């Protein structure tokens with residue numbers, strides 16, 4: 001599903017963001033990626049969604065070789081990868097329903113299909129009763145659920161959750177983690193980045209530790225340790 005072979009990223013100022021990273025992540029895996037700020041986690045995410053190009057190495061996602069994909073097919077690639085961020089990135093002037101529908105509209109999905117898909121995904125994330133609310137009327141947990149629904153509505157094979165609990169209280173944090181586990185059980189590959197040691201230790205899932213641009217640990221059932 002996801003293959004990185006000796007991937008490095010070096011910037012013009014000689015800063016090394018990633019150095020010789022090799023990873024293989026299978027379909028339907030739930031993988032947690034940990035590391036201190038500046039370790040290279042964000043660079044890894046930008047590489048996977050083709051917002052950044054490696055200095056060297058090879059990346060393959062599914063059957064797509066990132067070396068040969070042309071610009072016209074990058075939107076198709078990104079439809080296969082949903083991304084959820086710590087700061088939600090919701091459009092404040094749109095309702096919950098409209099925020100989720102927007103992800104389909106910009107992909108050219110027909111109105112009939114949008115009307116079918118959006119209520120189903122809102123039911124999955126537990127927001128059916130909030131579909132007509134605006135982001136300002138939602139709790140932090142509800143905002144993150146909306147962001148997850150927006151990422152999922154295009155049926156991605158992979159969901160990247162980048163510090164999704166960073167702005168949430170403990171209860172809402174665990175609710176979001178439970179939702180990610182549910183999504184994973186339905187067959188979506190989930191990559192979670194987090195600084196929350198309690199969450200990492202409780203998940204008992206594969207943990208990849210990045211330090212100074214290198215993978216220093218890759219454990220099938222890992223704990224948070226730097």
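Please treat every number below as a calculation from the coordinates, not as lab data. What you see is a predicted model, and the numbers here were worked out from it, not measured in a lab. We place every Cβ from the backbone using ideal geometry, glycine too, and count neighbours over all the protein chains shown.
Which of rounded, prolate or oblate describes the stretch 31-144 when judged by the alpha-carbon gyration tensor and an a/c cut-off of 1.5? Oblate, because a/c is 1.5 or more while a/b does not exceed b/c. For the chain, the relative contact order works out to 28 percent when only alpha carbon pairs closer than 8 Å and six or more residues apart are counted. Take the Kirkwood radius over Cα pairs of the stretch 159-225, plug it into Stokes-Einstein at 25 °C and 0.890 mPa s, and you get 196 µm²/s for translational diffusion.
Once both axes come from the Cα atoms, what is the angle between helix 140-152 and the longest principal axis of the chain, in degrees from 0 to 90, rounded to 10? Roughly 80 degrees, rounded to the nearest 10.
Between helix 96-105 and the chain there is an angle of about 60 degrees, using the helix long axis and the longest principal axis of the Cα atoms. In the chain, helical runs assigned H by DSSP with n ≥ 4 each contribute -39500 (n - 2.57); averaged across all residues and rounded to the nearest 500, the mean residue ellipticity at 222 nm is -10000 deg cm²/dmol. The distance separating the Cα centre of the stretch 122-160 from that of the stretch 183-209 comes to 19 Å.
So how do 115, 14 line up by other beta-carbon neighbours within 10 Å, fewest first?
By the 10 Å Cβ count, ascending, the order reads 14, 115.
Of 131, 10, how do they rank once you tally other Cβ atoms within 10 Å and put the fewest first?
In increasing order of surrounding Cβ atoms, one gets 10, 131.
Does the stretch 9-78 come out rounded, prolate or oblate by the C-alpha gyration tensor, with a ≥ b ≥ c the root eigenvalues, rounded set by a/c under 1.5 and, if not, prolate when a/b is larger than b/c and oblate if not? Here the stretch 9-78 falls in the oblate category. By the count of other C-beta atoms within 10 Å, a proxy for reagent exposure, 42, 139 are ordered fewest to most as 139, 42.
Computed over every Cα-Cα pair of the stretch 81-140 and binned at 10 Å starting from 0, the pair-distance distribution P(r) comes out as 21, 56, 22, 0 percent.
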